[in-house]
Structures are given as structure tokens and as C-alpha cells.
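To keep things clear, I will list the structure first and then write my remarks on it.
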Amino acid sequence: MRRWSGRLERLLNVCPPFARQVYRARYGPLGSDLSDTSTIPSWLGRGEALALAASCFSLPRDAVVVEIGSFLGKSAIMLAGARKQAGSGRVHCVDPFDASGDAFSVPVYREIASGDARPLRHRFEANIARAGLTGWVEAHEGTAASVAAAWTAPVDMLFLDGDQSPDGARLAYDSWSPFLKAGGIIALHNSVERAYAPGHDGIHLLAVHLVRPPQYGEISEVDTTTFARKRS
């Protein structure tokens, strides 16, 4: 059984149209987007990726979605694929694309980056293009704070998955949460209760201390991601 499973995975990787059909049959309409992320290095699990896409799909028409921390584009594909299926909206991806971040994550980012000579942003854009989502994504190269400084639009969904240090996560939250509309959705990756490496628990601390009643409701967890809705 394990040998057959391995053969199937290899077949899916070399035959994207077939993979989309298989994933769609297994996971529903949003599964086709999941298939486009199967070879992209990421810490986003299947369950939370599908939940992220479902939340994004549920947003109003012309939704503005902001993702802090995009790396190679797995979560961006799930978000943008959902808006493409919804028929409107745009996903704004904020990342310095330089393998920076908290001290625990940086060595991992750099090891992944070293496997391909292309700059990270080029790899990100290639993954978005391969999924057929270029027109649904806009990359903003910079830190969460620097991009927020020039931002003015209300946001329907905010996904935080960037710097995991307490200071970095808090700065990203403070910079972007004011733009989140009442009724909008915030999603915090790597935020559930578990043992964290020192300095790697910043987004978890947001979930514990800030993304909670009375400012937020409908709080739930899927795998390692916390979802909540901002109250008026």
C-alpha cells in the first residue's frame, strides 16, 4: 500500500491536470488549488490550507486579502485560488523575500533558498504563475511595517504568517489589524497551544493575548492555525 501511495504521489507531481482532478475529487472544489501547492516547501498543513481557502472564499465580493509572510507561495495560492473561484477580489502578499525572520526560522529559510539559484521572489512568482493565479495576486516586497506605512485600504481578511518572534509578530499585528474591517477574518498560522522554541512563539502570543473576546469572536483552530472574526 505504501509503495502504491508513493507511486501515486510521483504521478500527481508530474501530471498537474490529473493531480487537480484527483485532489478536487478528494477535497472538493478547493482541492484543485491544494494540488498546485503539493511540491512547494511550506509548514501549512492540508487541513488548515483548505480551511484558509474556505474562509477566503466566503468573503464578500471584491474582497481585499492581505497575507503577511508569503515565502514561496503555498498559502498565497490557496487564498488566491479561492478568490478566483469566487470571481473577484485580490490577494496582497507582503514579504521581504530575503529569507529573513525570527532566529529559529532563518536557518531553515536559507537552507531551502540555497537549493535554487533564483531569488525567492522569482520562485514565488513562478509558483503563482504555474497555478494560473498571476492576475489575482500582488506582491509587496518589504516588511510588514514598511508596507503598512503606505497602505490605506480596508481589509476583509488578514493572514499572519511572517516573523514568528514576539516583537516581529506584534509589530505586524499592530501595523495591519487596524485595517481589518469589522466582520473581517483574521487567521494566525503557528498559533495553537504547543511547545515552541524560544523566540518562535510570537504569533501564538497574539492568539493568547490579543485575538480574543471582546474584540474578536467565532474563534476556532484548524491544525496550527487560529481563525477569528473581528467584531464591531
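Before moving on, here are some points about what is shown:
- Those residues of the range 52-99 which are under 18 Å from Thr143 (Cα atoms) and either free of Cβ contacts under 8 Å to residues at least 40 places away in the same chain or among the aliphatic types (A, V, I, L, M) (or both), in sequence order: Val65, Val66, Ile68, Leu72, Ala76, Val91, Val94, Asp98, Ala99
- Restricting the range 46-75 to residues that are in contact with a Gly (Cβ under 8 Å, 6 or more places away or on another chain) and in a loop (DSSP other than H, G, I, E, B), the residue that is surrounded by the most Cβ atoms within 10 Å (Cβ to Cβ): Gly69
- For the residues Ala80, Ala51, Ala63, the requirement of being among the aliphatic types (A, V, I, L, M) and within 16 Å of Thr134 (Cβ to Cβ) singles out Ala80.
- Meets criteria (touching a residue at least 12 places away in the same chain (Cβ under 8 Å), aliphatic (A, V, I, L, M), in the same structural domain as Leu50 (by TED's automatic domain parsing) and surrounded by 15 or more Cβ atoms within 10 Å (Cβ to Cβ)) for Ala103: no
- Selection within the range 75-127 - within 14 Å of the chain's Cα centre (by Cα) and either farther than 25 Å from Val155 by Cα or among the charged types (D, E, K, R) (or both): Arg83, Arg90, Asp95
- The residue of the range 167-183 that is farthest from Val94 (Cα to Cα), among those that are among the aromatic types (Phe, Trp, Tyr) and within 17 Å of the chain's Cα centre (by Cα), is Tyr173.
- Test result for His92, in the same structural domain as Asp163 (by TED's automatic domain parsing) and part of a helix (DSSP H, G or I): no
- Considering the conditions (1) crowded, with 21+ Cβ neighbours inside 10 Å; (2) at pLDDT 85 or above; (3) of a type in the set (A, V, I, L, M, F, W, C); (4) out of contact with any Lys or Arg (no Cβ under 9 Å at 6 or more places or on another chain), Ala19 is excluded by exactly one of them, (2).
- Filter pass, Asp102 being in a loop (DSSP other than H, G, I, E, B) and over 24 Å from Ser191 (Cβ atoms): no
The values are calculated or read from the model by the stated rules, or taken from the named source; none is laboratory data. What you are looking at is a predicted structure, and each value in this text was computed from that prediction instead of being measured. FYI the Cβ positions are ideal-geometry reconstructions off the backbone, even for glycines, and counts take in every protein chain you see.
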